[in-house]
Amino acid sequence: MATENDTANGEHLLAFIGQKIRLSEEDPPKCDNCVIMDVYYVATYRVLETVHGSYRDDIITFDVYDHYGTPAFSSYDNVLLFVSRRADGTWRHEKYQFVDLYRATDGQWYGCGDPYGNVRPPRRTVHARPVQFAEPVSFPLGDLDPPEVEQHFPAEYFAIREGRAYCVLGTSVNDLFQAKKETVLTARGIFK
């Protein structure tokens, strides 16, 4: 039986590079004396690489709860996902936690931009660096005004041109995991 100390060391967490196979909205599981204010999904992903934890299969199915509707991670081809194993052996997505990933010319996966996202850690141990992506990584600016562009695509990490933000700095998968571990995963009690 797992102890509380096991849980605080990430015992039940699986972090993996995944590729979407299927995502379906479903009726939420029944629960007594609870109100579910999220949309419930069942996700099936191909496990391309395990970053933390243990998982032996090539395919994983997990529950997703999202207050805003379709989970943002599902719009990307390849993502670093974080799921926790529940007592019944099923997996649940760590709400809103993911990083979209892109291949670099060195064959490795990298996230684009600030490895800490909008979270301000007490100290930064992980830093983005110049990465040569296999294909240009860019995002449309749409109708964002200049302050929104700077908020979402800071000049330190992105080059803005022709209505798009081009990624110039990236972070390795292991460093992205470390940044999540130092911030939100510790705040949630998954790590000490």
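The values are calculated or read from the model by the stated rules, or taken from the named source; none is laboratory data. Because the structure is predicted, anything quoted here is derived from the model rather than measured. All Cβ positions, glycine included, derive from the backbone under ideal geometry; neighbour counts span all protein chains shown.
Some observations on this one:
- Residues that are under 21 Å from His152 (Cα atoms) and among the hydroxyl-bearing types (Ser, Thr, Tyr) were ranked within the stretch 105-132; the one that is surrounded by the fewest Cβ atoms within 10 Å (Cβ to Cβ) is Tyr116.
- The condition (being surrounded by fewer than 14 Cβ atoms within 10 Å (Cβ to Cβ), closer than 30 Å to Val168 by Cβ and hydroxyl-bearing (Ser, Thr, Tyr)) is satisfied by just one residue among Tyr76, Tyr68: Tyr68.
Results for (1) out of contact with any helix residue (DSSP H, G or I) (no Cβ under 8 Å at 6 or more places or on another chain); (2) closer than 14 Å to Val79 by Cα, shown as yes or no for each residue.
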| site | (1), (2) |
| --- | --- |
| Val99 | no, yes |
| Asn118 | yes, no |
| Leu141 | no, no |
| Arg164 | yes, no |
| Phe177 | yes, yes |
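- Entirely in the stretch 2-83, the strands (runs of 3 or more DSSP E) that have 1 or more residues that are touching a helix residue (DSSP H, G or I) at 6+ places or on another chain (Cβ under 8 Å) and farther than 30 Å from Ser138 by Cβ: 13-25
- Pairs where the first residue, in the stretch 69-80, is closer than 23 Å to Ala104 by Cβ and touching a residue at least 60 places away in the same chain (Cβ under 8 Å) and the second is surrounded by 13 or more Cβ atoms within 10 Å (Cβ to Cβ) and of a type in the set (Ser, Thr, Tyr), C-beta under 9 Å, 6+ apart: Asn78/Tyr102; Val79/Tyr45
- Filter result for Leu48 (touching a strand residue (DSSP E or B) at 6+ places or on another chain (Cβ under 8 Å), among the aliphatic types (A, V, I, L, M), surrounded by fewer than 19 Cβ atoms within 10 Å (Cβ to Cβ) and within 11 Å of Gly18 (Cβ to Cβ)): yes
- Across the stretch 4-24, the qualifying residues are those that are at pLDDT 95 or above and of a type in the set (D, E, K, R), and the one among them that is surrounded by the fewest Cβ atoms within 10 Å (Cβ to Cβ) is Arg22.
- Looking across the stretch 66-101, just one residue is more than 8 Å from the chain's Cα centre (by Cα), closer than 15 Å to Lys180 by Cα and among the polar types (S, T, N, Q), and that is Ser84.
- When His93 is tested against (1) outside any strand (DSSP E or B); (2) touching a residue at least 40 places away in the same chain (Cβ under 8 Å), just one condition goes unmet, and that condition is (1).
- Among residues of the stretch 133-155 being free of Cβ contacts under 8 Å to residues at least 24 places away in the same chain and of a type in the set (Asp, Glu), the one that is surrounded by the fewest Cβ atoms within 10 Å (Cβ to Cβ) is Asp143.
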